[in-house]
Structures are given as structure tokens and as C-alpha cells.
Amino acid sequence: MDQEIILKKEGQGLAFLKPLVAKFTSKFQKGDIISSLKKTGITIVSILLFLGLWHLGSKALYNKEAAYKIEKALTEQGQAAADAERACIASGDSSCQPNTLPSPAQVWSSLQSLIADHKVITADKAAFVEKMAETNAKLVAEGKDAIVYTGRASFVDIVLTSIKTVFAGFLLALLIAVPIGIIIGLSPSLRSAFNWFIQVFKPVSPVVWYLLVFMIVKTLYIGDSSDNAFVISFISVGLCAMWATLVNTAMGVSSVDKDYINVAKVLKLGTFQKVFKVILPSSLPLIFTGLRITLSVAWMVLIAIELLAQSQGLGLFVWEEFQNGANDSNAKIIVAMFIIGIIGFLLDRLMLTVQNMVSFNKNEGV
Amino acid sequence: MSTATIAQSTTENGIVFPSKVMLDLSKLKKVYPTPKGDYVVLEDLNLQIMKEEFVTIIGHSGCGKTTMLSMIAGLNPISGGNIAVLGNPVKGPGPDRGVIFQSPSLMPWMTALENVLLGVNQVFPHATKSQRKDIAKYYLHKVGLDGAFNKKAMELSQGMQQRVGIARAFAIKPKVLLLDEPFGMLDSLTRGELQDILIEIWNKEKITAVMITHDVDEAIFLADRVVMMTSGPRAKIGDILDIEFERPRTRKSVLEHDDYYTYRKHLIDFLEH
């Protein structure tokens with residue numbers, strides 16, 4: 001089922017790629033299918049090349065660490081221990097495997113095991129809900145809180161938490177940055193008043209934003225035992241990521257084509273009409289460029305912030321696996337890395353599609 | 001009484017009847033401050049344009065024609081002198097002076113109809129929605145855009161966009177129409193088409209028009225008077241030529257008229273001087 005979810009996600013991704021692909025391919029003649037095949041071929045070859053290099057690299061690292069382990073056993077405990085170590089490594093026993101960069105095959109099997117794990121947890125959850133159904137109905141009838149499943153989160157749950165956090169943060173960034181951007185874009189004096197503020201806070205690191213938000217939210221939630229990790233992480237993500245939108249919106253609004261402004265002046269449009277009928281539509285493409293950057297920044301800082309906030313997302317997953325140091329931990333980290341990369345890519349495509357929909361000067365620009 | 005005779009009587013007798021003056025530029029001056037001192041673009045420029053008159057302005061690039069027009073439109077502040085419309089001094093832009101810009105300047109995200117409505121809604125706030133739509137549609141029909149009401153401006157060709165620009169300007173029923181080389185960016189075939197459309201609507205509406213052009217033939221074909229400006233700096237009116245062709249005119253009749261080449265020679269002599 002989880003596999004289906006992932007596949008579906010990719011299907012959606014490809015679906016919104018379709019218009020782009022069509023746009024791209026429509027430029028070619030029909031006879032040029034060969035050239036597009038060539039392109040696909042090149043992509044496949046480059047992926048294979050990448051996997052091959054990765055495989056060789058991880059093998060070299062594995063051998064280096066294995067050789068060191070045997071050498072160490074030899075110098076510290078003698079020939080017998082070294083032979084035992086060699087035999088142990090060769091047998092593939094997990095207790096003595098070198099713990100280094102995992103090979104593509106290991107990562108693939110880790111992905112499988114994470115999916116299997118997800119199935120187990122989902123089944124557990126369903127069983128729990130069924131088992132507690134009667135008790136919970138009674139509890140609710142008595143006006144008490146139902147007992148919910150509090151077991152370990154599965155990998156899919158973790159990914160969903162991360163996506164939820166990033167969208168909440170993105171929404172917050174949008175709600176803060178777009179209105180403020182419009183206002184300071186409209187007034188040159190406000191723009192110079194805000195400029196130092198933007199210049200000073202824009203380069204602040206995600207970690208510091210997290211600490212700032214933590215200080216405030218901690219106090220706001222004082223005496224409340226509920227988990228505020230999600231709140232802290234999405235606010236931090238939003239604050240980190242909003243600057244691109246703020247700057248782009250202000251720039252878009254302040255640099256509307258002079259011709260449009262002249263038309264608005266000649267027609268004596270009121271302020272409201274001028275803003276909503278002329279200035280905003282004409283700055284939409286830049287606003288969406290900003291939002292696209294914001295979303296990709298949000299996804300990038302999310303990992304670090306989830307780690308700090310102990311929010312059950314990919315960031316914490318990666319960190320816990322690293323601390324865990326189990327035999328397949330490294331492979332799981334690489335799985336998470338690919339999932340992060342792919343989701344980031346899909347989010348960017350999503351924004352690009354929206355951006356293309358609102359931009360009106362397709363024919364002029366790019 | 002045709003507009004040509006008004007213009008004629010004015011210049012022949014040297015007497016101006018104030019009631020017939022639509023646009024009055026007196027001692028107009030424009031100065032741009034530069035680090036090396038003031039740059040005087042226009043100085044002591046006097047021009048009176050009558051009601052229902054079509055005036056074209058011709059002159060070398062950079063002589064200040066566009067500056068003058070944007071001052072009349074109220075988009076560019078006046079450094080000295082006066083501009084008055086029906087005796088009221090110009091204090092800023094307003095819909096009593098419609099402008100057709102060199103680039104069509106349509107809002108690319110709006111349809112042709114919405115672009116025209118933008119102005120119509122502003123000028124006829126008390127009309128019903130359908131009345132305003134009818135006005136916009138009427139002028140779009142007049143410029144030959146019947147099939148393109150709901151096309152986005154960005155989907156229209158340059159020539160069609162400028163047609164919408166013409167419709168937008170006429171639809172707000174201005175007292176004065178200001179045209180800043182409206183056909184300068186078009187190919188000669190499209191330019192001819194649009195000149196015909198412009199003059200056809202103008203014949204019906206008779207809105208006082210001031211048009212800048214670089215094209216001598218266009219200047220003669222459209223105008224009651226051609227105003228020649230001297231080269232800047234300190235540009236002023238160099239000469240004024242009355243075009244005494246009967247209206248309505250056709251391109252053919254104008255080209256075949258005996259005076260056509262006399263007028264043409266007069267203008268070219270001035271420009272090459």
C-alpha cells in the first residue's frame with residue numbers, strides 16, 4: 001500500500017510534468033523522436049554511471065575499513081584473531097561488518113525493509129484501533145479523551161509529517177511575506193524603512209530562527225503538556241523561508257512597467273483599482289518566483305529544524321539513525337536523502353507549473 | 001462648417017476665437033536639470049488647437065515632441081508656461097485627455113474587452129454593467145475586433161493590440177486625444193490599415209486630436225494642420241502647414257490631389273533644412 005502511495009506521488013509529479021514535456025517536445029518535428037529518445041538514453045546512461053561509481057566507491061571504502069579491522073586484530077590480538085575477523089567479515093555477519101558508505105544494493109534493501117516496517121506498523125495501528133474501539137466508544141460517551149495509538153512512527157508517517165510541516169511553514173511565509181511585500185513595494189519610504197530589517201534578518205541561520213521561535217513558543221505553551229514540536233518547527237521554517245518572497249514581492253510591486261502605471265494615471269484609477277487591477281497582476285510572476293524559492297528553501301531548512309525541534313519528520317529520522325549506528329542505519333540515511341531530494345524536486349516542479357500558469361509574458365521572456 | 005475652415009480662418013486672419021480653442025499651450029517650457037546645468041528641451045512654445053481639429057506634429061527625434069505630449073497628458077510636470085483644456089489649466093493626468101501610447105500598453109493579463117472596460121468603468125460609473133459592456137464592444141467593433149473580445153491581450157498581434165489601444169482611448173470619450181507615434185512600431189501595411197481605422201472613427205467622433213508622427217505621408221493624410229517643430233534644445237514651433245483636403249478623405253483621393261506633393265515638399269524641405 002505504501003508503495004502505491006509513493007508511486008501515486010510520482011504519478012502526480014509526472015502528470016504535472018506532462019504539459020512541460022509536451023511544450024518541450026512540441027518544438028521538435030515528429031521525425032525528431034529519435035532525438036528525444038537519445039535524451040532519455042543519455043539520462044539512463046548517466047544514472048547507471050552514477051550507480052556504478054557509487055558502487056565502486058562504497059566497495060573501496062568497505063575494503064579499506066575491513067583491511068583496517070583485520071590489521072587491528074592482528075596487531076592487538078595476534079594471527080588467530082585476525083583470521084577470525086576476516087572469516088567473520090567474509091561471512092557477512094552483521095556484528096563485524098564495516099560501517100561505512102552503503103552500496104546501492106544495501107540502500108535498495110533498506111528501502112524495502114522500511115516499507116515492510118511501514119506495513120507492520122500500519123497493521124499494528126489498525127489492530128489497535130479495532131481492539132480499542134469498544135473502550136474508546138465508552139470513553140467518548142463518558143466525555144473523556146479516546147486512547148490513541150502512540151507507537152513508533154513508520155517511515156511513510158515521517159515523510160508525511162515533514163511534508164505537512166513544510167506546507168504549514170510555506171503557508172505562514174506566504175501569509176506574512178506577500179502582504180508585507182506588497183505594502184513596502186507600494187511605498188518607497190516604507191521600503192527604505194524596512195530595508196535594514198530585511199538585510200539584517202535575511203542571512204540569519206535556520207538554527208538561530210529555531211532558537212528564537214523556541215524561546216517564544218515555549219513561553220506561550222507554558223503549563224501545556226501537549227507536544228509543540230510541530231508548531232515550533234513550522235514557524236521556524238516559515239520565518240527562514242519567507243525572505244525570498246518578501247524581497248521578490250516588494251521588487252515586483254515597485255517595478256511595474258511604467259506604461260501600465262501611465263495608463264492607470266490617464267484613466268485616473270483609484271488606489272484600490274490600481275493595486276488590484278494593475279500592480280498585483282503585473283507583479284504576480286515575480287511573486288511566484290519568490291514563492292518557488294521560498295518553498296525550496298523551506299524544504300531545505302526543514303531537515304535541520306526538525307532535528308533541533310525533535311519533530312517526528314525526516315530530519316529527526318536522519319539524526320536518530322546516525323546516533324543509532326545500527327548496521328543498516330547508514331543505508332537508511334541514504335534512503336532518506338533520496339526521498340528528501342525527490343520530494344524537493346517534485347515540490348519545485350509543482351511551483352514551476354503554478355508559476356507558468358500565472359505568468360502572462362510567456363511569449364516575451366524565457 | 002468643416003474643421004479645415006476653422007483652422008484656415010484662424011491662421012488667415014490671425015485672430016483666435018477663444019470659444020473655439022480646445023487646447024491652449026502658451027509660453028510652454030520644459031527644463032531637465034542635469035549635473036552640468038539645466039537642459040532646456042522646450043522654450044516659449046505657443047500652440048492653439050481648435051475644437052474638432054486633427055493636428056499632427058512632426059520633427060526630428062529628440063526635439064521634445066513626446067515631452068510636449070506627455071506634458072499635455074499631465075504625465076510630465078510643466079517647468080514654465082501654461083497648458084489649458086477649454087480654459088482649465090492642466091494639473092495632472094485625467095480621462096478628459098485620452099492617450100494612445102507608442103507601445104499598445106494593454107494589460108497583458110486582461111482580455112481585449114476588459115482592457116477597454118477598465119477605462120469605460122472609470123468614466124461611466126453610473127451606467128449599468130451591460131451598458132458599459134455595450135460601449136466597450138461598440139468601439140472594439142469599430143476597430144474591427146469583433147471576434148477577439150475575449151482574447152487575452154498577450155495573444156493578440158502588435159497591430160491588433162494597438163487597435164484595442166485605439167478603442168480604449170475613444171471609448172472614454174475624451175475631450176482631447178493624444179497620440180504618441182501610435183503606429184511607429186508597426187509594419188507599413190498594418191500602419192495603413194490602422195490609419196484608415198483611426199480616421200474612420202475620428203470622422204464620426206470628431207475628438208480634437210494631437211498626434212506625433214515621423215511619417216510625412218501619415219502627417220498629411222490625417223491632419224488638418226501639420227505642426228513642424230524645430231530641433232532641440234530650446235525647441236519651439238517652426239512652421240505650421242494647413243492641409244486643405246476635404247473630409248472625409250480617402251487615401252486614393254489624397255494621393256491624387258494636386259496639392260499633395262506641394263505639401264509633402266514643404267514638410268520635407270523643413271525637415272531637411
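The values are calculated or read from the model by the stated rules, or taken from the named source; none is laboratory data. All of these numbers come straight from a predicted model, not from anything done at the bench. In this analysis, Cβ positions are derived from the backbone assuming ideal geometry, glycine residues included, and neighbour counts consider all displayed protein chains.
Observations, loosely collected:
- If you go through region A:63-110 and pick out every residue that is closer than 16 Å to A:Ala326 by Cα and touching a residue at least 40 places away in the same chain (Cβ under 8 Å), you end up with 11.
- Test: residue in region A:302-324 that is aliphatic (A, V, I, L, M), under 21 Å from A:Gln97 (Cβ atoms), touching a Ser or Thr at 6+ places or on another chain (Cβ under 9 Å) and in the same structural domain as A:Phe234 (by TED's automatic domain parsing): no
- Scoring B:Arg264 on the criteria (1) touching a strand residue (DSSP E or B) at 6+ places or on another chain (Cβ under 9 Å); (2) modelled with pLDDT of 90 or more; (3) not β-branched (Val, Ile, Thr) leaves a single failure, condition (1).
- Any pair with Cβ under 9 angstrom, 6 or more apart, that starts in region B:31-57 at a residue that is touching a residue at least 12 places away in the same chain (Cβ under 8 Å) and ends at one that is acidic (Asp, Glu) and in a strand (DSSP E or B): B:Val31/B:Asp38; B:Val31/B:Glu43; B:Asn46/B:Asp24; B:Leu47/B:Asp24; B:Gln48/B:Asp24; B:Ile49/B:Asp24
- Flag if A:Leu291 is away from chain B (no Cβ under 14 Å), in contact (Cβ under 8 Å) with a residue 12 or more places away in the chain, under 24 Å from B:Met107 (Cα atoms) and in a helix (DSSP H, G or I): yes
- With a requirement of 1 or more residues that are touching a residue at least 24 places away in the same chain (Cβ under 8 Å), touching an Asp or Glu at 6+ places or on another chain (Cβ under 8 Å) and within 18 Å of A:Lys268 (Cα to Cα), the helices (runs of 4 or more DSSP H) lying completely within region B:66-173 that satisfy it span B:158-171.
- The condition (being among the aliphatic types (A, V, I, L, M), under 18 Å from A:Ser109 (Cβ atoms) and part of a loop (DSSP other than H, G, I, E, B)) is satisfied by just one residue among A:Ala336, A:Ala326, A:Ala331: A:Ala326.
- Tally of residues being surrounded by fewer than 17 Cβ atoms within 10 Å (Cβ to Cβ), within 14 Å of B:Val164 (Cα to Cα) and away from every other protein chain (no Cβ under 14 Å) across region B:100-143: 2
- With respect to the conditions (1) surrounded by fewer than 20 Cβ atoms within 10 Å (Cβ to Cβ); (2) modelled with pLDDT under 90; (3) more than 8 Å from chain A (Cβ to nearest Cβ); (4) under 25 Å from A:Lys258 (Cα atoms), B:Gly147 falls short on a single one, namely (4).
- Selection status of B:Gln195, more than 12 Å from every other protein chain (Cβ to nearest Cβ) and closer than 16 Å to B:Ile100 by Cα: yes
- Qualifying residues in region A:237-275 (those that are at the interface with chain B (Cβ under 9 Å from one of its Cβ atoms) and aliphatic (A, V, I, L, M)) - the one surrounded by the fewest Cβ atoms within 10 Å (Cβ to Cβ): A:Leu269
- Checked against (1) surrounded by fewer than 20 Cβ atoms within 10 Å (Cβ to Cβ); (2) among the β-branched types (Val, Ile, Thr); (3) under 30 Å from B:Leu106 (Cβ atoms), A:Ile343 passes all but a single condition, namely (3).
- Number of the condition not met by A:Gln310 [criteria: (1) within 18 Å of A:Ala168 (Cα to Cα); (2) surrounded by fewer than 19 Cβ atoms within 10 Å (Cβ to Cβ); (3) modelled with pLDDT of 90 or more; (4) of a type outside the set (A, V, I, L, M, F, W, C)]: (3)
- Residue within region B:74-94 that is facing chain A (nearest Cβ under 10 Å) and modelled with pLDDT under 90 present: yes
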